Amino acid sequence: MESIPKGLAVLILVNSTPSSANARRAWQTALTLHDQGHSITLFLIQDGVLAALNGETALRDLPSDISCYVLGEDLALRGFTPLKLHKQVQVADYAQLVDLFDQHARVIGAL
């Protein structure tokens, strides 16, 4: 992984199912960067939204200061409502995703 200067805001996009190698790598990257002092935001799209569901363990140990969003359209396409999400997860739309791209110094795609 490329060295990232300390204290940057980092957006990590995840589109894989929670049990996939890519998703596990994304969680580990998020935790490692968080431990290094970076501000981390996770944005879950496509099958990545499944990680945000209540009962799913992928985000269970997520530090409270890591922001986590799901794309509302992908959540709805999979038949879920925001009521089924971990309390730490926020529903967002494409416009909010674009805003997050603008607000973060680095973007990592963990597809």
Quiz item: Being assigned to a strand (DSSP E or B), surrounded by 15 or more Cβ atoms within 10 Å (Cβ to Cβ) and β-branched (Val, Ile, Thr), is that true of even one residue in region 48-57?
Solution: no
Quiz item: In region 26-53, what count of residues is obtained for those that are over 12 Å from the mean Cα position of the chain (by Cα) and within 14 Å of Val91 (Cβ to Cβ)?
Solution: 1
Exercise. Could you list, in sequence order, all residues of region 4-29 that are buried (at least 20 other Cβ atoms within 10 Å of the Cβ), polar (S, T, N, Q) and assigned to a helix (DSSP H, G or I)?
Key: none
Quiz item: What are the residues in region 79-111 that are assigned to a loop (DSSP other than H, G, I, E, B) and either among the hydrophobic types (A, V, I, L, M, F, W, C) or surrounded by 13 or more Cβ atoms within 10 Å (Cβ to Cβ) (or both), if any?
Solution: Phe80, His86, Gln88, His104, Ala105, Leu111
Exercise. Might you let me know whether region 28-39 holds any residue that is more than 29 Å from Lys6 (Cβ to Cβ) and either in contact with a Ser or Thr (Cβ under 9 Å, 6 or more places away or on another chain) or not basic (Lys, Arg) (or both)?
Key: no
Practice problem: Could you identify the single residue in Gln96, Gln88, Gln103 that is under 14 Å from the mean Cα position of the chain (by Cα) and at pLDDT below 95? | Solution: Gln88
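Please go through region 63-78 and give me each residue that is over 21 Å from Gly37 (Cβ atoms) and surrounded by fewer than 17 Cβ atoms within 10 Å (Cβ to Cβ), ordered by number.
Glu73, Ala76, Leu77, Arg78
The values are calculated or read from the model by the stated rules, or taken from the named source; none is laboratory data. Model, not experiment: these values are computed from the prediction. When we count neighbours, we look across all protein chains shown, and the Cβ atoms used for this are built from the backbone with ideal geometry, even at glycine.
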